[in-house]
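Everything on this sheet refers to the single structure shown next.
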Amino acid sequence: MSHENERVKRFPSAAAVFCLLMLVVSAVGAADDYARLVELTGELGRAEDAPTRLAVLDELESALEETPEMAPPGLLNRLLILVDGEYAPAVRREAVVLLGRLGDQAAAPRLLELLRDDDDFQVRRHAATALAGCARLGDEVEIAEIIFGPSPTDDYELRARAVETLADLDGTPFNTADFLMTHCFDDPFPAVREALVRGLVKLGLAGDYTGKLLDLYESEGDLDVRRATLVALGHADDPAALEILIEARDDPELRIAALEGLAALPPEADREEAAEAVSDLLDDSDGTALAPRVAATLSALGFNEDAAGILGEALLEEPPGDEVESLKLLRGLAGAAAVEPTVEFIEQARGTESPDLASLFAAAALLGDETVLSAADAETLAEADAALFALLGEARPPELHHAAGEAARTVSREYLERFRAEDWDRRQERRLRLLDEPASKEARRAVIDYLGAWKSDGFSAAVLEYLEDAEGPAAEAAVEILGLHGYTPAVPLLSELARSSRPGDLGLSTQALEALGRIATPEVGPVLSAVLADSATPPTRLTAAARAAASVKDPNLLYPLLELLESGPEAESRAAAAFALGRFADERALTTLARSLQSDPAPAVRREAFIAYCRCLPESPGEDVLWPLYGYLAANDPGEDAETWAAVEILFQRLGAERIETLLSHPEPQARRLTVLYLARRGDPADRENLESALADPNLLVNIAAAEALGSLGDPAAAPALKAAFDQTFDLYYPSSKDTSFSAGNVDKLRRAIEDAFHRLSVNPVEVEAGELNGPALDNDEPEVVEPERRWMEVVVDALRLRDAPSTATGAKIGMLYDGDVIEVLSTDANWAEVRTEDDTTGWACIELDEEVFLRDTAEPKPEEEPEEPEEDSRTEG
């Protein structure tokens with residue numbers, strides 16, 4: 001492959017990056033990240049002062065650190081504007097750093113100009129570094145000329161950065177290396193000479209300059225340059241270089257660099273001599289402290305067994321060295337052989353008064369490493385398991401108990417997969433006693449998780465036997481373990497415990513219900529039915545029974561769950577009932593679910609009822625069963641709730657693809673808005689025209705959703721429609737084309753959404769000619785369809801203020817509403833309703849706040865019948 005092709009591979013074109021970006025955005029998680037980047041790009045353009053710009057740039061840098069390929073196309077131009085404008089120096093510097101993060105070759109010409117003659121020396125330094133990610137083939141020649149040419153800079157930091165960039169670019173390897181080697185002798189700055197030597201190593205060509213490097217080492221007076229030269233000499237197959245490295249390892253100031261050089265020796269070098277020289281360092285007084293470094297060097301030279309032995313011995317030496325580093329190296333080198341010294345280290349650490357917690361964490365991580373355990377025999381696994389359980393049985397920090405428990409589960413899983421479970425059943429039975437008096441709650445939790453993962457019939461039988469005599473928290477733990485095992489022989493005893501209504505048994509009976517839900521055999525259904533039907537059942541047990549019913553799915557539980565949803569004493573149990581009904585997916589639940597999602601006072605219950613309602617819908621549901629969903633969405637925005645959107649996905653699957661265009665012309669605004677939001681999340685380019693038509697919808701909330709969707713879709717072909725929608729907002733007759741959603745605030749939101757969409761599309765709206773908007777014809781002809789748009793609510797508190805705006809902070813009081821008043825709802829905004837009172841006063845009232853409900857849906861009030869007046873007597877006095 002040519003160097004040009006290599007460069008193209010490393011620095012893709014803007015078009016290639018854009019195509020890659022579209023692929024990444026198709027993933028939901030990545031789409032969220034991209035949307036945030038687009039939002040930040042817009043904020044950067046709107047920022048009006050240096051602190052705000054710096055804050056946005058800092059957030060952009062953090063977001064791009066892991067995924068620079070996700071940068072919005074418009075970000076490059078925005079950064080170049082900041083670099084070229086009259087902005088604060090700190091803003092320009094940070095913008096140059098971000099240009100390097102983007103890695104777009106289009107920025108290279110401007111970065112070269114900055115490197116050459118910008119007035120700010122920090123900008124020049126950042127430009128030198130940024131070019132490593134942006135430069136084109138041949139730019140290294142201009143960089144070298146700027147830094148080392150006829151008028152070289154005396155900024156040694158700038159020179160060093162430029163050298164690092166030259167080594168990264170590597171357009172013509174030999175010429176670059178020759179250039180670097182030449183300047184190693186004559187550059188006046190030690191920091192630059194050090195960078196030049198390290199550049200040779202980065203290029204992988206230090207071995208080609210062994211003679212010159214030897215000369216440099218002998219003549220160089222700066223310690224850091226000599227250290228860099230030793231590392232470079234390690235890449236040479238030369239006896240003279242090896243001799244210098246061995247000699248330097250005795251010098252405390254050069255030792256680390258010498259070891260780094262010895263670790264880099266090529267295979268053809270005399271590695272045995274090097275290994276022997278490295279091992280001799282352990283005889284020094286500070287040999288224990290050097291053990292990790294010596295072991296790493298020996299491993300690099302191919303002597304892994306020797307390295308593992310040194311690390312194992314170093315763990316137990318006194319005084320201690322860097323145990324954490326030794327354990328990390330041992331974990332990567334020794335495989336199963338690392339278990340024994342680690343177990344000995346844990347035993348030794350437990351015997352000390354204040355063991356180092358960091359090293360115990362590292363030891364637990366090693367013993368829980370599947371790679372280490374994969375080749376271990378049964379005896380070795382048993383040793384690891386015993387050491388970890390020793391930590392669980394002692395008073396330790398909760399985090400260490402958690403780490404030891406996680407590692408112990410990995411050990412047991414490895415054993416179960418490869419050996420006979422019966423061999424360990426007796427061992428696990430003894431560990432049940434740890435549930436009686438655990439070292440801490442966290443230790444008990446770790447033991448439960450560990451024993452719950454040990455699914456062996458023999459051990460499960462032992463847990464069942466233990467449960468018969470256990471009490472209190474130990475009994476609850478045993479019940480949970482049986483549930484985690486899914487042990488069906490435990491159902492009779494668990495059923496007995498689940499039916500218990502004694503006050504002292506509440507925790508145990510609740511845990512038994514949860515365990516029965518995990519086992520989920522047919523025998524469990526009648527138990528749950530009895531608990532749900534008992535009017536004296538505490539709410540905690542009702543909740544556990546409802547959750548268990550979701551797994552059992554016994555048809556006989558349908559009506560007890562419906563009754564619990566209608567009249568459950570607490571929101572948590574009603575929400576659990578709704579959740580279970582959703583898992584039943586039975587159409588018979590729709591009526592009750594509809595009432596709950598519309599009128600239950602608890603938001604959590606309404607949410608679960610909405611999700612369950614979608615799951616219970618039949619295929620191709622009729623319009624009559626969809627209206628409750630629209631009413632719910634009018635007051636509850638799904639936002640980014642994953643479970644709610646999963647339910648919406650089910651809804652649209654049941655509706656079928658052919659219904660989508662019909663929904664876009666639905667008379668209910670919430671139906672149209674929900675469809676637009678769904679299309680946005682689906683991200684299908686074929687939906688662009690439908691989304692464009694939604695820009696002409698009479699409802700502004702639908703328009704806003706459509707603009708956001710077109711921006712996230714990423715198709716620049718939507719720009720004319722967006723421009724037309726933006727221009728229309730300034731039309732004199734624009735308000736008359738909108739429904740009751742019209743307000744100055746919503747118009748501002750629409751304009752902002754369109755502006756952000758242009759940023760996402762990387763389109764300049766000034767250069768776009770507005771297209772034509774043709775919205776769908778709304779189906780408003782049939783009165784029975786339009787009629788449900790009227791909505792009524794009843795005041796359910798003693799008194800409620802009527803305000804002129806939907807806010808307690810800015811809305812002024814214009815009247816009062818009282819308990820029992822029935823008012824017509826004109827529109828909603830979050831938890832506020834725009835209402836019309838009986839005396840024809842229009843204002844805003846709060847529906848709920850902090851889960852306290854002020855208004856509830858009710859039926860339309862019937863007009864009062866006027867009393868009949870008596871007929872006048874037509875007779876006259878004579």
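Inclusion of residue 50 among residues that are farther than 25 Å from residue 683 by Cα and either buried (at least 18 other Cβ atoms within 10 Å of the Cβ) or modelled with pLDDT of 80 or more (or both) is warranted. Taking the listed residues 640, 668, 619, 623, the one that is open to solvent by 20 Å² or more (accessible area, probe 1.4 Å), under 28 Å from residue 833 (Cα atoms) and touching a helix residue (DSSP H, G or I) at 6+ places or on another chain (Cβ under 6 Å) is 668, with no other qualifying. Screening the stretch 720-750 for residues that are assigned to a helix (DSSP H, G or I) and of a type in the set (S, T, N, Q) and picking the one that is least open to solvent (accessible area, probe 1.4 Å) gives 746.
For the stretch 452-462, the criterion of being aromatic (Phe, Trp, Tyr) and either in contact with a Pro (Cβ under 6 Å, 6 or more places away or on another chain) or at pLDDT 90 or above (or both) is satisfied by no residue at all.
Entry remark, the stretch 420-430: residues being outside any helix (DSSP H, G or I) and either among the small types (Gly, Ala, Ser) or open to solvent by less than 50 Å² (accessible area, probe 1.4 Å) (or both) number 1 in total. The residues in the stretch 57-88 that are touching a residue at least 12 places away in the same chain (Cβ under 8 Å) and open to solvent by less than 70 Å² (accessible area, probe 1.4 Å) can be counted, and the count is 21. In the stretch 96-121, the residues that are over 14 Å from residue 70 (Cα atoms) and in contact (Cβ under 8 Å) with a residue 40 or more places away in the chain reach residues that are among the charged types (D, E, K, R) and part of a loop (DSSP other than H, G, I, E, B) with C-beta atoms within less than 7 angstrom, at least six apart or across chains, in these pairs: 105/136. Out of (1) of a type outside the set (Asp, Glu); (2) in a helix (DSSP H, G or I); (3) within 24 Å of residue 466 (Cβ to Cβ); (4) open to solvent by 20 Å² or more (accessible area, probe 1.4 Å), the odd one out for residue 438 is which? Condition (2) is where residue 438 drops out.
Listed by position, the helices (runs of 4 or more DSSP H) enclosed by the stretch 94-164 that each have at least 2 residues that are of a type in the set (Lys, Arg) are 108-117, 121-134. Hey, any hits in the stretch 675-694 for a residue that's part of a loop (DSSP other than H, G, I, E, B) and either closer than 23 Å to residue 827 by Cα or touching a residue at least 60 places away in the same chain (Cβ under 8 Å) (or both)? Checked the stretch 675-694: at least one residue is part of a loop (DSSP other than H, G, I, E, B) and either closer than 23 Å to residue 827 by Cα or touching a residue at least 60 places away in the same chain (Cβ under 8 Å) (or both).
Number of residues in the stretch 707-754 that are closer than 20 Å to residue 72 by Cα and of a type in the set (A, V, I, L, M): the value is 10. Close contacts from the stretch 749-774, counting a first residue that is within 15 Å of residue 715 (Cβ to Cβ) and a second that is open to solvent by less than 70 Å² (accessible area, probe 1.4 Å) and in a loop (DSSP other than H, G, I, E, B), with Cβ to Cβ under 6 Å and a gap of 6+ residues or different chains, come to 762/73. In this structure, is residue 412 assigned to a helix (DSSP H, G or I), farther than 22 Å from residue 514 by Cβ and among the hydroxyl-bearing types (Ser, Thr, Tyr)? For residue 412, the condition - assigned to a helix (DSSP H, G or I), farther than 22 Å from residue 514 by Cβ and among the hydroxyl-bearing types (Ser, Thr, Tyr) - is met. Taking first residues from the stretch 594-608 that are more than 13 Å from residue 571 (Cα to Cα) and partners that are in a helix (DSSP H, G or I), the Cβ contacts under 7 Å between residues at least 6 apart in sequence or on separate chains come to 594/613; 594/628; 598/628; 598/631; 598/632.
Quick grid of which residues meet (1) out of contact with any strand residue (DSSP E or B) (no Cβ under 6 Å at 6 or more places or on another chain); (2) without any contact (Cβ under 8 Å) to a residue 40 or more places away in the chain; (3) surrounded by 20 or more Cβ atoms within 10 Å (Cβ to Cβ):
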{"site": "432", "(1), (2), (3)": "yes, no, yes"}
{"site": "444", "(1), (2), (3)": "yes, yes, yes"}
{"site": "452", "(1), (2), (3)": "yes, yes, no"}
{"site": "461", "(1), (2), (3)": "yes, yes, no"}
{"site": "471", "(1), (2), (3)": "yes, yes, no"}
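When restricted to residues that are open to solvent by 70 Å² or more (accessible area, probe 1.4 Å), within 44 Å of the chain's Cα centre (by Cα) and of a type in the set (Ser, Thr, Tyr), the stretch 803-860 contains 2. Residue 175 fulfils the conditions (1) surrounded by 18 or more Cβ atoms within 10 Å (Cβ to Cβ); (2) over 41 Å from the mean Cα position of the chain (by Cα) except for a single criterion, (1). Summed over the stretch 95-113, residues that are surrounded by fewer than 24 Cβ atoms within 10 Å (Cβ to Cβ) and either in contact with a helix residue (DSSP H, G or I) (Cβ under 8 Å, 6 or more places away or on another chain) or among the charged types (D, E, K, R) (or both) total 12.
The values are calculated or read from the model by the stated rules, or taken from the named source; none is laboratory data. Quantities reported herein were computed from a predicted structural model and do not represent experimental measurements. Virtual Cβ from ideal backbone geometry, glycine too; neighbours counted across all protein chains shown. Keep in mind that these areas ignore ligands, DNA and RNA; they rest on the heavy atoms of the full protein, side chains included. Shrake-Rupley method; radii C 1.70, N 1.55, O 1.52, S 1.80 Å.
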